[in-house]
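Participant: Take this structure, written in C-alpha cells, and hold onto it; I'll ask about it next.
Read-outs: derived from the displayed coordinates by stated rules, not from any lab. Keep in mind that what you see is a predicted model, and the values were worked out from it rather than measured. Here Cβ is always computed from backbone atoms with ideal geometry, including for glycine, and neighbour counts include all displayed protein chains.
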Amino acid sequence: MKTVDLIVPCYNEEPVLPLFYDEINSVMQSCTGYDFKLIFVNDGSKDGTLDWILKAAEKDRRVKYISFSRNFGKEAAMLAGMKYSTGDYVGIIDADLQHSPELITGMLEALEEGYDVAAARRTDRSGESKVKSWFSRLFYVISNKMIDINIAHGAQDFRIMKRKVVKAIISLPEYSRFSKGIFSWVGFNTKWFEHVNRERAAGKTTWSFFKLMRYAADGIIGFSAVPLKVSLLAGSLFSSVGVAYAVYIIIRTLIRGTDVAGYPSIISAIFIIGGLILFSLGVIGEYLARIYMEVKHRPIFIIDQTNLDPQQQQEENDYDDN
Ligand code: UDP
Ligand code: MG
C-alpha cells in the first residue's frame, strides 16, 4: 500500500481546523488503497491551534505534528513538513479550505498515471480584491520575463508530489525560500488541475498587501540577477546622456557665451540621477541582505515539539541523485 503524507501549514487556524479535518477525513476515507498521514505544522500560532492538533493526535493515529518555537512563515512550515515526511507521495494543502480537499482524489490518480507532480492552478480570483489580482498578474508578467524558469500563472502550493520530487526540493538549501520558483526550478512532469478559488472557511488571511509585495520581491530576487543588470543599464544610459549634454553645453558656451538659464534642468537632473543612484543601491542592498542571510547558515525553522521521529526522516531524505 502506498503511503501519502499531507502537510498542512497552520498559523492561527483554530476556527477552521475542525471543518478542515472533517473534509479531509472524508476524502482520505474515500481514497482506499492509500495509507494517509496528516502532518500539521504549527507555525507559532497564538491561538488554540496547537491544543486542537494535540487533541486530534491523541484520537487519530494518522495525525502527526511539528510545532515551531515561533512563527517562521509558510515557506518554513512547508519545508519542515517535507523534510519530516516519509510517504511515497507527499502533498501540501492549506488549512483554510481554500484548497478543496476533494481535488486530492484526482491528483492521486494523476500520480498513478505516471505524472510526478499533480498541482493546482487557480483559474479565477473571485473573493480577492481587484488591486490584489492586478498586482498578482503584474508579478507573473514581470517575473516570467526576468526569471529563466517559467512560473505557471496562478500556480498554487496545493500539490501532491512523488518522493523523488520532494527529495529534489529539500536538496535546495537556500534560506530565502520562494516555493513557487523552487517547484518549477526542480522540473518534473506536472499535471495541472484547474481550481476555482474558494472563500476562506473561517479565520482570516495573514497575508497583508505589504507581505505579498515582499514575497513577490523574494521571488524575483531569489531567482534572477536581472534587477542588478537593470540598474547597471539605467546608470550607464543616464551617464552617457549626462556626458553628451555636458559636451553640448561646452560647445554652446564656446560659441554663444554663458547664460544663467537652466536652473530647472539642473534640479531635475539632480533628482533623476540621485533617485537612480538610490534605487540601484537599494537593489544591491536587497541582494546583499539575502547573501548575508544565506552565509549565516541559520536554520530555516526551529522545532519545539513533534511526534515524528527526526532520525528516520533524515535517512529517508538524504539526497542522492541516482
Ligand atoms: N500560514 C503559515 N504561516 C504563516 C502564514 C500562513 O503556516 O506565517 C499558513 C496558513 O495557516 C494557511 C496557509 O499558510 O494554512 C495559507 O495562508 P493564508 O490563508 O493566510 O494565505 P492566502 O490563502 O490568503 O494566500
Ligand atoms: Mg488562504
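Participant: Any idea how far apart residue 32 and residue 199 come out in nm if each label point goes 7 Å out from Cα toward Cβ?
Facilitator: Spacing of the two 7 Å Cα→Cβ label points: 3.6 nm.
Participant: Also, quick follow-up: How high is the relative contact order of the chain, in percent, counting Cα pairs under 8 Å that sit 6 or more residues apart?
Facilitator: In percent, rounded to a whole number, it is 23.
Participant: Provide the convex hull volume over Cα atoms per residue for segment 56-110, in Å³. Don't skip to the answer; put the middle values down first.
Facilitator: Details: hull volume 7.0 nm³, N = 55.
Spelled out: Cα convex hull of segment 56-110, divided by residues, is 127 Å³.
Participant: Could you pull out every one of the lysines with an alpha carbon less than 20 Å from that of residue 83, ignoring same-chain neighbours closer than 8 positions?
Facilitator: By straight Cα distance, residue 83 reaches 2, 37, 64, 74, 162, 164, 167, 180.
Participant: Write down the radius of gyration of segment 1-92 and its Dmax, each obtained from C-alpha positions, in Å.
Facilitator: So, for segment 1-92, Rg and Dmax equal 12.6, 38 Å respectively.
Participant: Quote the charge dipole size of the chain about the Cα centre in Debye, to the nearest 20; the model charges only the Cβ of Lys and Arg (+1) and of Asp and Glu (-1).
Facilitator: Here the size comes out at about 1280 debye.
Participant: Tell me which of 268, 221, 184 sits at the most positive position along the dipole axis of segment 182-293, charges placed on C-beta atoms (Lys, Arg +1; Asp, Glu -1).
Facilitator: Selected residue: 184.
Participant: When 132, 191, 180 are ordered from fewest to most other Cβ atoms inside 10 Å of their Cβ, what list results? Display every interim value, and only then the final one.
Facilitator: Working: 132 13, 191 17, 180 20.
Ranked by crowding around the Cβ, least crowded first: 132, 191, 180.
Participant: Let me ask something additional. Could you tell me which residue out of 31, 52, 7 lies farthest along the dipole of segment 1-53 toward its positive end? Charges go on the beta carbon: Lys and Arg +1, Asp and Glu -1, centred on the Cα centre.
Facilitator: Towards the positive end, the residue furthest out is 31.
Participant: Contact order normalised by length for segment 12-66, with contacts defined as Cα pairs under 8 Å and 6 or more residues apart; what percent is it? Write down the numbers at each step before the final one.
Facilitator: Working: 45 pairs, mean separation 24.1, N = 55.
Value for segment 12-66: 44 percent.
Participant: Tell me, what is the percent relative contact order of segment 21-121, built from C-alpha pairs under 8 Å that lie six or more residues apart?
Facilitator: Worked out over segment 21-121, it gives 27 percent.
Participant: Further, regarding this structure: Based on Cβ point charges of +1 for Lys and Arg and -1 for Asp and Glu, what charge dipole magnitude is obtained for segment 129-234 about its Cα centre, in debye rounded to the nearest 20?
Facilitator: Rounded to the nearest 20 debye, it is 300 debye.
Participant: Relative to 2.2 N^0.38 Å, what does the C-alpha radius of gyration of the chain come to as a ratio? Two decimals please.
Facilitator: Against the empirical 2.2 N^0.38 Å value, I get 1.26 for the chain.
Participant: Highest mean first, how do 215-224, 89-98 rank when packing is the count of other Cβ atoms within 10 Å averaged over residues?
Facilitator: My ranking of the peptides, most packed first, is 89-98, 215-224.
Participant: Using the basic label-point model (7 angstrom from Cα toward the beta carbon), what is the residue 189 to residue 62 distance in nanometres?
Facilitator: 2.8 nm
Participant: Taking 0.36 nm per intervening residue step and subtracting the Cα-Cα distance, what contour gain separates residue 244 from residue 109 on full extension?
Facilitator: Numbers: separation 135, 0.36 × 135 = 48.60 nm, distance 6.48 nm.
Net length gain for the segment: 42.1 nm.
Participant: If you don't mind, another one. By Kyte-Doolittle mean hydropathy of at least -0.5 and Cα axial length of at least 18 Å, which whole DSSP H helices of the chain are selected? Working shown, then result.
Facilitator: Values: long enough: 17-30 (19 Å, 0.18); 130-146 (24 Å, -0.01); 209-223 (21 Å, 0.85); 226-256 (44 Å, 1.43); 263-295 (47 Å, 1.51).
Once both thresholds are applied, what remains is 17-30, 130-146, 209-223, 226-256, 263-295.
Participant: Give the shape of segment 172-300 as rounded, prolate or oblate, defined through the alpha-carbon gyration tensor: a ≥ b ≥ c are the square roots of its eigenvalues, a/c under 1.5 means rounded, and otherwise the shape is prolate if a/b is larger than b/c and oblate if not. Don't skip to the answer; put the middle values down first.
Facilitator: On the way: a/c = 3.02, a/b = 2.54, b/c = 1.19.
Here segment 172-300 falls in the prolate category.
Participant: To continue, here is another question. Can you tell me the Rg and Dmax of segment 119-214, counting just the alpha carbons, in angstroms?
Facilitator: Gyration radius and largest Cα-Cα distance of segment 119-214: 14.4, 38 Å.
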